[in-house]
Amino acid sequence: MHIFHCDHCDNLVFFENTTCVRCGRLLAFLPDLGEIGSLEPVDDTRWRSPLAYGAAYRLCGNYREHNVCNWALADTDPHERCLSCRLTRLLPDLGRRGNREAWYRLEVAKRRVVYTLLALRLPIVDRDEDPAGGLAFEFLADPDDPAQPPAITGHDRGVIRINIAEADDPERERRRVSLHEPYRTLLGHVRHEIGHYYWERLIADSADRLETFRATFGDEREDYAAALQRHYAEGPPADWMSRFVSAYASAHAWEDWAETWAHYLHMTDSVDTAAACGVSIRPSRRNEPSMTPLPADAATPATPFERMMAAWYSLTYVLNNLNRSLGLPDGYPFVLAPAAVNKLRVVHEIIAGAQQG
């Protein structure tokens, strides 16, 4: 994630902002430019930005009507909603208390992931383009009847379903503790589930990539339901830390891929943000991680993996120490064994290969 500034007054603005707090200008993310731009009205529905001379934009329908989005569309775009919002095809009852706030938080997390996918130049194919396997999101609420099964977060042939209870901080923390997880966030959920989608897009139909996947992550033909049942009944293997990025990754090859994919996006987004902030690390001890200021392209598939990984190690050294100084848990509470690092490398190489066609 880059660092953004108001193009009118140069004040710092964040990816979620709709208004500059200094000059009061209306803001929107302009996907064609990858920037947050200030907007001036052209007429009742169209806007212009000083970042795009001669271009006209419309606000996403969810921006105008519900204020759960801050993206704009080119005026020539035939859609009413932005690329991210039109991926959502099912919402819970917005008249129920808390559901609208949950929807907003889920869309924020999804937009961050879509931003990353655009930056990585990965294909985003929706259900209009591919009705059978295109990407879609369904945000679900648990039924009122406690005897009915709860809404399950997961992925099924391009459809990502997320229980909106995950948008409630106390409930998500309760689930994290009950499942003995060191980390559980909305953004992490979306990154993980979209990893399943890209397994189908990038690997399932490629003989070479499938061979690499099986050699690295295992055989996806193992009975998935039985593997998950065994994982929840018996827990991860005793040596999971030497082979996987997380305990859950040990459940099945698909989960190993999705967890590793999510960690790769954690890494690339954080390194990209550090580069945009000009972060450098010069510790007083020679044997502690250091980092020179990173170039703007420090976290792309074209970046040598070793360089990105070295930056990530240094960044987590600072991140975790700063969090502890604030009385917070480690920002990245994981230890990456060589086998897990190699899996991250494979994700890096598969994304790079996808960019090349």
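The values are calculated or read from the model by the stated rules, or taken from the named source; none is laboratory data. Remember, predicted model here, so these are calculated numbers, not experimental data. Ideal geometry is used to build each Cβ from the backbone, glycine not excepted, and the neighbour counts take in all protein chains shown. Just the protein is used for accessible areas: all its heavy atoms, side chains included, with ligands, DNA and RNA removed. Shrake-Rupley method; radii C 1.70, N 1.55, O 1.52, S 1.80 Å.
What the table below lists for this structure:
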{"item": "Qualifying residue in region 22-31 (condition: open to solvent by 50 Å² or more (accessible area, probe 1.4 Å), under 30 Å from V159 (Cβ atoms) and either touching a Ser or Thr at 6+ places or on another chain (Cβ under 8 Å) or not basic (K, R) (or both))", "result": "no"}
{"item": "Residue among R96, R86, R111, R100 that alone is assigned to a helix (DSSP H, G or I), open to solvent by 70 Å² or more (accessible area, probe 1.4 Å), at negative phi and among the charged types (D, E, K, R)", "result": "R100"}
{"item": "All helices (runs of 4 or more DSSP H) inside region 149-263 with 2 or more residues being among the polar types (S, T, N, Q)", "result": "207-217"}
{"item": "Top-ranked residue in region 63-78 [being part of a strand (DSSP E or B) and of a type outside the set (G, A, S); ranked as nearest to E35 (Cα to Cα)]", "result": "W71"}
{"item": "Residue that is farthest from Q355 (Cα to Cα), among those in region 281-324 that are open to solvent by 60 Å² or more (accessible area, probe 1.4 Å) and among the small types (G, A, S)", "result": "S284"}
{"item": "Any hit, region 262-275, residues being open to solvent by 20 Å² or more (accessible area, probe 1.4 Å), over 19 Å from V190 (Cα atoms) and over 16 Å from the mean Cα position of the chain (by Cα)", "result": "no"}
{"item": "Residue match in region 334-344 (condition: aromatic (F, W, Y), open to solvent by less than 20 Å² (accessible area, probe 1.4 Å), under 27 Å from G195 (Cβ atoms) and touching a helix residue (DSSP H, G or I) at 6+ places or on another chain (Cβ under 8 Å))", "result": "no"}
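Residue-by-condition table, conditions (1) within 25 Å of H348 (Cβ to Cβ); (2) among the polar types (S, T, N, Q); (3) out of contact with any helix residue (DSSP H, G or I) (no Cβ under 7 Å at 6 or more places or on another chain):
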| position | (1), (2), (3) |
| --- | --- |
| Q229 | no, yes, yes |
| S242 | yes, yes, no |
| V245 | yes, no, no |
| D256 | yes, no, no |
| W261 | yes, no, no |
| T273 | yes, yes, yes |
| P283 | no, no, yes |
| R286 | no, no, yes |
